[in-house]
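Everything on this sheet refers to the single structure shown next.
The values are calculated or read from the model by the stated rules, or taken from the named source; none is laboratory data. Please read these numbers as outputs of a predicted model, since none were measured by experiment. Glycine gets a Cβ as well: all are built from the backbone with ideal geometry, and neighbour counts include every protein chain shown. When the accessible area is computed, the model is the full protein with side chains, heavy atoms only, and any ligands, DNA or RNA have been set aside. Shrake-Rupley method; radii C 1.70, N 1.55, O 1.52, S 1.80 Å.
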Amino acid sequence: MINLSILQDFPKDFKFGVATSSYQIEGTMYGNCGRSIWDDFAERKLNGIDGKLACKHIEYFKEDIKLIKEAGFKTYRFSFAWPRLFPDNNKDVNLKGVDFYKQLLEEINNSGLEAFPTIYHWDLPIRFQKIKGWEDQEACKHFGDLSFFISKTFGDQFKKISTINEPWCVSWLSHYLGEHAPGIKNIRSAAKTMHNILFAHSQSVEALRSCNDHQIGIVLNNQFGQPIDSNEENIQATKLFDEIHNRWFSDAIFKGKYPELALSILEKYLPENYKTQLELISSPIDWIGLNYYTRSLIKYKKSDNGVNYECNSGTLKKTDMGWEFYPEGLSYFIKRINKEYDNNIPIYITENGMANNDKLSIGNSIKDHDRIEFFNIHLKEVLDCVNEKLPVKGYFAWSLLDNYEWAFGYSKRFGLVFTDFQNFKRIPKNSYYEFQKYLK
Ligand code: GCO
């Protein structure tokens, strides 16, 4: 039987935690939260399945923090909801929102956990979509102001903070593939947001530095691309996939440039001064977050706009999202950051986990054996890197609870803890108990 005894082999100061995000758990109908692009997208594209209730974390946050603590985790990654802090405009703060995050941070700290907040995990206030959202740099400026506000108001409660969660999802997935809010499908919008979301990051870093001495990071989601076969066309297609999905963001952050192939397609849509802005975008950060889930098999496919590839899935064991188990990709990206970008920067695995079709069985036990296996094989990769003296400092399981899984609504369960969406009961799964057994 596979277990998580591997947790005991990590160094004492290695930090284990869990991750969540505001829209996915809080419940937007509470506490005067404003409307975001996700409420709008859910209404237009997802039959109204939205985050109004989510996990009612606003009501249950103390219980949720207790679950984290009792499993033996040391740190908690969560995000601030911009529309909860500034529901109506960019000036008038919602005191109920401020109060909620103050209480949450207090609870985290009093429980002996380290707070690891993210400023932006996708719930952009709807007012920005009326002025083209992330396609316009107006949003970036306000994002800088929001960052300053957060640091000033809550900054004595945490040390580490990240600016943006998964810029690829904010831009390409949401503006080229149209799968996430705002659901746009065009290359011009995609290219603009690919740059602007990084510019927003730079505005945030500048604001945070001017306010406090935080340790600042950004969280990138890397996906491993593998040519579907050894055909030269597919090898080139994989290179382009890798540049759009991964290197666009890491090259910009660490090297102040964009990768060539992707740039040859997207440059014509970028603002004229993008090179000057890249200098700001590449100003030093203190740590990097890596979210990792799976690989894709890449195949050449002609397209008028030059994005000549398609993603396929292979024959490895799959999660309930249809994502293959491919743990090798995780150590591959850890090494890539360390060897190709910055051999000193501390690396945190800020998300890793799987959706499983979990069912409550008699006696309320949830036998998510596949999830335990998933964590086990990924933790092995991380441990190998630690043993090779690479600066990997922590690992966050995605996610604490089953929650609102974006375009999939409540149908995909990623939690260590089962959420009964009828009565909002939290029921720890076997994977939770495995962590608890070896962390405590
Ligand atoms: C992401 C997000 C999470 C998701 C998780 C599973 O990585 O897409 O940060 O919000 O829920 O990744 O898809």
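Quick one: is Tyr30 open to solvent by 40 Å² or more (accessible area, probe 1.4 Å), more than 16 Å from the ligand (Cβ to nearest atom) and either assigned to a loop (DSSP other than H, G, I, E, B) or on the phi > 0 side of the Ramachandran plot (or both)?
Here the answer is yes, as Tyr30 does meet what is asked.
Quick one: how many residues across segment 378-404 are within 16 Å of the ligand (Cβ to nearest atom) and open to solvent by 20 Å² or more (accessible area, probe 1.4 Å)?
0
Grab the helices (runs of 4 or more DSSP H) fully contained in segment 63-152, keeping just those with 1 or more residues being closer than 25 Å to Gln215 by Cα and open to solvent by 10 Å² or more (accessible area, probe 1.4 Å).
Because the criterion is at least 1 residues that are closer than 25 Å to Gln215 by Cα and open to solvent by 10 Å² or more (accessible area, probe 1.4 Å), the helices (runs of 4 or more DSSP H) in segment 63-152 that meet it are 95-110.
Taking the residues in segment 318-338 that are assigned to a loop (DSSP other than H, G, I, E, B) and touching a residue at least 24 places away in the same chain (Cβ under 8 Å) as candidates, determine which candidate is nearest to the ligand (Cβ to nearest atom).
Met321
Would you confirm, using the coordinates I've provided, whether Gly48 is without any contact (Cβ under 8 Å) to a residue 24 or more places away in the chain and more than 16 Å from the ligand (Cβ to nearest atom)?
yes
Does any residue of segment 5-25 turn out to be crowded, with 22+ Cβ neighbours inside 10 Å, touching a helix residue (DSSP H, G or I) at 6+ places or on another chain (Cβ under 6 Å) and of a type in the set (S, T, N, Q)?
No, because not a single residue in segment 5-25 is crowded, with 22+ Cβ neighbours inside 10 Å, touching a helix residue (DSSP H, G or I) at 6+ places or on another chain (Cβ under 6 Å) and of a type in the set (S, T, N, Q).
Report, by residue number, each residue of segment 153-172 that is assigned to a helix (DSSP H, G or I), within 16 Å of the ligand (Cβ to nearest atom) and among the β-branched types (Val, Ile, Thr). Steps first, please.
Residues of segment 153-172 assigned to a helix (DSSP H, G or I): 153-157, 167-172.
Okay, now just the ones that are also within 16 Å of the ligand (Cβ to nearest atom), so 167-172.
Answer for segment 153-172, where residues must be assigned to a helix (DSSP H, G or I), within 16 Å of the ligand (Cβ to nearest atom) and among the β-branched types (Val, Ile, Thr): just Val170.
Report yes if some residue within segment 340-350 is touching a residue at least 24 places away in the same chain (Cβ under 8 Å), buried (at least 20 other Cβ atoms within 10 Å of the Cβ) and more than 25 Å from Phe10 (Cα to Cα); otherwise report no.
Within segment 340-350 (the criterion being touching a residue at least 24 places away in the same chain (Cβ under 8 Å), buried (at least 20 other Cβ atoms within 10 Å of the Cβ) and more than 25 Å from Phe10 (Cα to Cα)), the answer is no, since none of the residues qualifies.
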